[in-house]
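For reference, the structure discussed in these notes is given below.
The values are calculated or read from the model by the stated rules, or taken from the named source; none is laboratory data. Computed from a predicted structure; not experimentally measured. Heads up, the Cβs are rebuilt from the backbone with ideal geometry, glycines too, and the neighbour counts pull from every protein chain shown.
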Amino acid sequence: MVVMTILTCISYVPDTAAKIGVTADGSGLELGGAKYILNPYDEFAIEEALLQRERHGGRVVALTVGSDAAKEILRTALAMGADSAAIIAATGLDSFGVAANIAAYANAINASLVLLGRQSIDHDSFQMASTVGALLGIPAISVVSKLDIEGDRVRAERDIEGGKEVLEATLPLVVSVQKGINNPRYPKLPEIMKAKSKPIESVEPVAVSPRAAMVRYQVPQLKRANKILGDSDADITEFVRLLHEEAKVI
Amino acid sequence: MSTIAVFIERRGGAIKRAALEAITAARFHADRVIALELGSDVDGLLAAYGVHEVVSIEHALLERYSSQAVAEAIAQWAKSRQVATLFFGATAMGKELAPRVAVHLEAAYVPDCVELAASDGHLDAVRPLYAGKVRATVRPLTERAVYSLRPNMFTARPAEQPSTPEFSTFTPSLSQEQCRVVVTEIVRNEGKLDVLEADIVVSGGRGMKGPEHFVLIEELAAVLGGAVGASRAVVDAGWRPHSEQVGQTGKTVSPNLYLACGISGAVQHLAGMSSSKVIAAINKDKDAPIFKVADYGIVGDVFEVIPKLIERIRALKQSSAS
Ligand SMILES: Cc1cc2nc3c(=O)[nH]c(=O)nc-3n(C[C@H](O)[C@H](O)[C@H](O)COP(=O)(O)OP(=O)(O)OC[C@H]3O[C@@H](n4cnc5c(N)ncnc54)[C@H](O)[C@@H]3O)c2cc1C
Ligand SMILES: Nc1ncnc2c1ncn2[C@@H]1O[C@H](COP(=O)(O)O)[C@@H](O)[C@H]1O
């Protein structure tokens, strides 16, 4: 049997607690002192890659497309147990550009399983798995909460409105994973130390024209009534009246 | 003449509201709206919503749903008709299909739109970024563009005049290789309304103190005809199932009413509910961040306030029913 190559794609994003502002003219974002972290969903993608390798053998390659500083999260993936890591140093790409780079690399290493997080918490666009799958001409399943692989046959469960879907597919395949699929391991100190000396491959980006541009930013204006009452009986009656008569939602 | 094609998602035979919202939005931005159906299951609703044309995509290989094959089929149809703009609801299904269709059409994909605005020949879209902390106006740079519309952000409204749509069938050319993923089963969470599908969501947080007290949340949701939601703190504690979690790592909901009980309103929670039409909150801490985004609030103890609320709302429902 051929060795399974699992590619796990991870992104480097501002911590959700970061303050994100907009420049005075609305043309750009102010990310100022934001702390950057490994996208929380991508821990599940790394863990799932390691678990599948434990079951089926093969190797796990971690990839990020982004600034040089993103090497930090590749070290985390290596400390968790990835066999190797690569960075495609390119900034200012739109999502399509990132997907095109991921797809090119997946092709180059002949990945049979590409694992991603369900969403990147910066742009929350939920599109990478489908876009990469389409570019590779292979199926993709997103927001997966259970993944069983048997030979080249795959059975997956994904969350949908009001329940879940059970799917069957064959490898090669792109999968984005959801919290709950596994419990990501915490690397121990020796592994963290060992990861520091593992090489990180630098890959030349492929040039693609952007397909969409963010032309303007704004901070959403909260137009909320903001009527905050106490807890007296009269207040509770008034609260119900407001929801019924003013907001007309009950 | 501008044309927008809208993908019609059905679950259990019925057209999803997200599709009707997309049709309504399409009517504002195009002279001609085409509804794209899988199969030929047509009802009068599409005429009531004023679509000009209904196209049924039919193929023996589509008997079992395959996102890979359906995306391929939609793209083939759009190319054959030179349709440059497509709308999907940003549902679990739409979010998988739309980006794939965009790749096949070499189109821009604009996800999770909450507003649309035509400006000098472009159809721009506004979408939230960074957990809703900012919004970006996104402009497609390509000739074709595919949009997904966040559910409940656009109103679904029948047309003033119902239309008499033209009907046609499109048979894509598909191979088994393009159906390598299929849905084999759909498991419904029986007897439970999902936060993604409810007009009213009542959520409980750590302020509920323990799983046993969620009967209060369930009862309040039941009198309101709403669904039960939860903060991550209570899901992680194992008090509530993951399917109820609202927030950045849970579900993004935009109900008509979101009622947060004993939830502080952390930014990651707000990410999942701040686009709700009306937000109400009960919290004993008057400085809780949830009150900053709330339309209506009660500063008080959930254990005292919720039983009284249930009683008042029940009385209200009874008086309006009689
Ligand atoms: C990467 C990341 C992703 C996250 N994703 C999510 C997410 O998807 N969803 C989510 O919800 N959180 C998420 N969080 C967690 C989030 O930061 C908060 O920790 C969480 O939302 C807090 O839940 P809570 O409001 O129930 O609890 P708390 O913050 O502990 O708040 C409890 C509230 O209850 C009030 N209270 C206590 N007792 C009573 C009473 N008797 N009556 C009335 N009020 C009372 C308190 O005043 C307090 O405001 C995420 C965090 C991170 C780092
Ligand atoms: N720049 C990137 N480099 C590597 N992987 C990425 C990048 N951006 C997104 N991803 C992957 O795609 C997933 C979904 O992201 P998105 O569709 O952008 O919300 C993330 O969880 C990552 O696994």
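Of note:
- Condition broken by A:G117, with the remaining ones in (1) within 13 Å of chain B (Cβ to nearest Cβ); (2) surrounded by 24 or more Cβ atoms within 10 Å (Cβ to Cβ); (3) more than 16 Å from ligand 1 (Cβ to nearest atom) satisfied: (3)
- For segment A:26-40, the count of residues that are modelled with pLDDT of 95 or more, in a loop (DSSP other than H, G, I, E, B), away from ligand 2 (no atom under 16 Å from the Cβ) and at the interface with chain B (Cβ under 10 Å from one of its Cβ atoms) is at least one.
- Failed criterion for A:A69 (all others in (1) away from chain B (no Cβ under 14 Å); (2) touching a Ser or Thr at 6+ places or on another chain (Cβ under 6 Å) hold): (2)
- Looking across segment B:154-189, the residues that are surrounded by 17 or more Cβ atoms within 10 Å (Cβ to Cβ) and either of a type in the set (D, E, K, R) or within 14 Å of another protein chain (Cβ to nearest Cβ) (or both) come down to B:L174, B:Q178, B:C179, B:R180, B:V181, B:V182, B:V183.
- Residue within segment B:185-206 that is among the small types (G, A, S), assigned to a helix (DSSP H, G or I), modelled with pLDDT of 95 or more and not assigned by TED's automatic domain parsing to the domain that holds B:V51 present: no
- Test for A:V166: is it buried (at least 21 other Cβ atoms within 10 Å of the Cβ), at the interface with chain B (Cβ under 9 Å from one of its Cβ atoms) and outside any helix (DSSP H, G or I): no
- Whenever a residue of segment B:267-288 is more than 7 Å from ligand 1 (Cβ to nearest atom), its partners that are of a type in the set (F, W, Y) and modelled with pLDDT of 95 or more, lying with C-beta atoms within less than 7 angstrom and at least six residues away or across chains, give the pairs B:M273/B:Y258; B:S276/B:Y258; B:I279/B:Y258; B:A280/B:Y296; B:A281/B:F291.
- Residues of segment A:184-234 satisfying the condition of being basic (K, R), away from chain B (no Cβ under 14 Å) and touching a helix residue (DSSP H, G or I) at 6+ places or on another chain (Cβ under 8 Å): A:R185, A:K194, A:K196, A:K198
- For the residues A:E161, A:E150, the requirement of being more than 10 Å from ligand 2 (Cβ to nearest atom) and closer than 21 Å to B:S148 by Cβ singles out A:E161.
- Segment A:97-112, subset more than 13 Å from every other protein chain (Cβ to nearest Cβ) and not small (G, A, S), residue farthest from ligand 1 (Cβ to nearest atom): A:N110
- Within this structure, A:A104 fails the test of being more than 21 Å from B:T249 (Cβ to Cβ), small (G, A, S), out of contact with any Leu (no Cβ under 7 Å at 6 or more places or on another chain) and near ligand 2 (Cβ under 9 Å from one of its atoms).
- Residue ranges of strands (runs of 3 or more DSSP E) in segment A:42-146 with at least 3 members over 26 Å from B:E177 (Cα atoms) and at pLDDT 95 or above: A:59-66, A:84-89
- Looking only at segment A:10-25, and only at residues there that are more than 16 Å from ligand 1 (Cβ to nearest atom) and part of a loop (DSSP other than H, G, I, E, B), the one that is surrounded by the most Cβ atoms within 10 Å (Cβ to Cβ): A:T23
- Test: residue in segment B:10-33 that is part of a helix (DSSP H, G or I), surrounded by fewer than 22 Cβ atoms within 10 Å (Cβ to Cβ) and of a type in the set (G, A, S): no
- Contact map, segment B:296-314: first residue among the aromatic types (F, W, Y), second residue surrounded by fewer than 19 Cβ atoms within 10 Å (Cβ to Cβ) and part of a helix (DSSP H, G or I), Cβ cut-off under 9 Å, separation 6 or more or different chains; pairs are B:Y296/A:E246; B:F303/B:H213.
- Of the strands (runs of 3 or more DSSP E) entirely within segment A:182-250, those holding at least 2 residues that are in contact (Cβ under 8 Å) with a residue 60 or more places away in the chain occupy A:200-203, A:212-218.
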